[in-house]
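One structure is given here, and the rest of the page talks about it.
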Amino acid sequence: MFDLVGKRHYFFLLSLLVILPGVVSLLIPPALRLGIDFTSGTTMTLRFQRPVELAELRAAFADLGHPDAIIQVTGGGDFIVRTRPLSELEGGAGEESARSRLVEALQGRFGPVEVLDFATISPVVAAETVRNSALAVAAASVGILLYLTFAFRSVRHPFRYGVCAVVALLHDALVVVGSFSILGKISGLEVDTLFITALLTVIGFSVHDTIVVFDRIRENARKLPGADFPAVVNYSLLQTLGRSLNTSLTVIFTLTALLLFGGVTIRSFVLALLIGIVSGTYSSIFNASMLLVAWNEGDFGRLTRRLFRPAPAGR
């Protein structure tokens, strides 16, 4: 039987190597490129009657006093434009007045234009979105910890099951956030409220997969009461490995298709899901259960004693 548990330190090291670049990127301001959902601003969807090149539209917005406008083309040929609040960029004019002047200027340059969608996010709403997003992730983590502690109350140290699951899901969240931090610096990828939705979805998927593994560990621990705990965990992992990989691969293939053909409007959302699902599959198998074994076998205590052992006195 292949010994996965015996190689747990290598799996921990791999997780560290994956997380570390994202952590470094998060420490370099700006940690993330925030969309207008978090910073306030204006977003609009424009449709022109005649073909308009992306470079032409970007140049037009720059000439009109919006050099930092972020413009994306949808699959249907429409343009999604994100800027700072128009009233701010138009010398303090009202939002409606600023919008009218902008549309008139675009019509004079490109011909008839239709505004399919227009929204403004105020600084107050943006700050509230940031706060609510943080609370949502924190509440989900606490709820999962309490639920798993209760669900596995029939085994020894049920609290450890909850803690290990939460550590695994935080690992996945950090991988996703760190990846978007790096991509934000490289390609200007922004995070918005859909990113938070994707993050919470990843957390749910990660916990679901972890519970499947933990439940098999509980069943095998009852069937093999005298067996060594690492051997029980290893046996349980090998039993669930195929199921976990097959389930995850079906989701990954679907998300890959959406990433390639789903259009620009959902691309960042799908990318966050794709990164999180891959990370969640790995962490459920190679992090959560391995942490449970490491805790049970006293690995953390030995590591702490080794790190903080007093240096031998000099002769």
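Which residues, counting only those in region 1-42, are open to solvent by 30 Å² or more (accessible area, probe 1.4 Å), closer than 30 Å to LEU86 by Cα and not in a helix (DSSP H, G or I)?
ILE28, PRO29, PRO30, ALA31, LEU32, ARG33, LEU34
When only residues in region 115-167 that are hydroxyl-bearing (Ser, Thr, Tyr), open to solvent by less than 70 Å² (accessible area, probe 1.4 Å) and assigned to a helix (DSSP H, G or I) count, which is nearest to GLY77 (Cα to Cα)?
Quick first cut of region 115-167, residues hydroxyl-bearing (Ser, Thr, Tyr) only: 120, 122, 129, 133, 141, 147, 149, 154, 161.
Narrowing the set further to residues that are open to solvent by less than 70 Å² (accessible area, probe 1.4 Å) leaves 120, 122, 129, 133, 141, 149, 161.
When the remaining residues are screened for being assigned to a helix (DSSP H, G or I), the result is 129, 133, 141, 149, 161.
Details: THR129: 30, SER133: 32, SER141: 41, THR149: 51, TYR161: 50 Å.
Of everything passing the filter in region 115-167, THR129 is nearest to GLY77 (Cα to Cα).
One residue is enough: does region 103-123 have a residue meeting the conditions within 27 Å of ILE203 (Cβ to Cβ) and modelled with pLDDT under 80? Let's see the steps before the verdict.
In the first step, residues of region 103-123 are kept if they are within 27 Å of ILE203 (Cβ to Cβ); the result is 121.
From what's left, modelled with pLDDT under 80: 121.
Yes, region 103-123 has at least one match.
Can you go through VAL251, VAL191, VAL202, VAL166 and tell me which one is in contact (Cβ under 8 Å) with a residue 24 or more places away in the chain and over 21 Å from ILE285 (Cα atoms)? Quick ask: steps written out before the conclusion?
On the way: VAL251 fails: over 21 Å from ILE285 (Cα atoms); VAL202 fails: over 21 Å from ILE285 (Cα atoms); VAL166 fails: over 21 Å from ILE285 (Cα atoms).
Result of the check over VAL251, VAL191, VAL202, VAL166: VAL191.
Name the residues in region 31-56 that are under 18 Å from the mean Cα position of the chain (by Cα) and basic (Lys, Arg), would you?
Of everything in region 31-56, just one residue is under 18 Å from the mean Cα position of the chain (by Cα) and basic (Lys, Arg), namely ARG33.
Among the residues of region 43-77, what is the count of those that are in a strand (DSSP E or B) and touching a residue at least 60 places away in the same chain (Cβ under 8 Å)?
Residues of region 43-77 that are in a strand (DSSP E or B), as a first pass: 43-48, 70-73.
Next, only the ones that are touching a residue at least 60 places away in the same chain (Cβ under 8 Å) stay: 43-48, 70, 72-73.
Number satisfying all stated conditions: 9.
Please list, ordered by first then second residue, the pairs with beta carbon atoms under 8 Å, 6 or more apart or interchain, first in region 106-128 and at positive phi, second modelled with pLDDT of 90 or more.
Final answer for the pair search is GLY111/PHE48.
What pairs come up if the first residue lies in region 172-188 and is more than 12 Å from VAL24 (Cα to Cα), the second is open to solvent by 30 Å² or more (accessible area, probe 1.4 Å) and assigned to a helix (DSSP H, G or I), and their beta carbons are under 6 Å apart, counting only those six or more places apart or on different chains?
Partner pairs satisfying both residue conditions: VAL176/ILE275.
Which residues, taken from region 75-90, are at pLDDT below 80 and either aliphatic (A, V, I, L, M) or surrounded by fewer than 17 Cβ atoms within 10 Å (Cβ to Cβ) (or both)?
The first filter runs over region 75-90 and keeps only residues at pLDDT below 80, leaving 75-76, 84-90.
Those that are at pLDDT below 80 and either aliphatic (A, V, I, L, M) or surrounded by fewer than 17 Cβ atoms within 10 Å (Cβ to Cβ) (or both): GLY75, GLY76, ARG84, LEU86, GLU88, LEU89.
Residues in region 127-149: is at least one under 23 Å from GLY22 (Cβ atoms) and touching a Ser or Thr at 6+ places or on another chain (Cβ under 7 Å)?
There is at least one residue in region 127-149 that is under 23 Å from GLY22 (Cβ atoms) and touching a Ser or Thr at 6+ places or on another chain (Cβ under 7 Å).
Rundown of residues vs (1) at pLDDT below 90; (2) assigned to a helix (DSSP H, G or I); (3) on the phi > 0 side of the Ramachandran plot, yes/no style:
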| site | (1), (2), (3) |
| --- | --- |
| LEU199 | yes, yes, no |
| ASN246 | yes, yes, no |
| ILE275 | no, yes, no |
| SER279 | no, yes, no |
| PHE300 | yes, yes, no |
| PRO312 | yes, no, no |
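Restricting to region 206-241, what's the tally of residues that are closer than 26 Å to LEU273 by Cα and either acidic (Asp, Glu) or open to solvent by less than 40 Å² (accessible area, probe 1.4 Å) (or both)?
Adding up the residues that qualify gives 10.
The values are calculated or read from the model by the stated rules, or taken from the named source; none is laboratory data. None of these values were measured; they are calculated from a predicted model. Please note: Cβ atoms are built from the backbone with ideal geometry, for glycine as well, and neighbour counts cover all protein chains shown. Ligands, DNA and RNA are stripped out before the accessible areas are found, and what is left, the full protein with its side chains, is counted by its heavy atoms. Shrake-Rupley method; radii C 1.70, N 1.55, O 1.52, S 1.80 Å.
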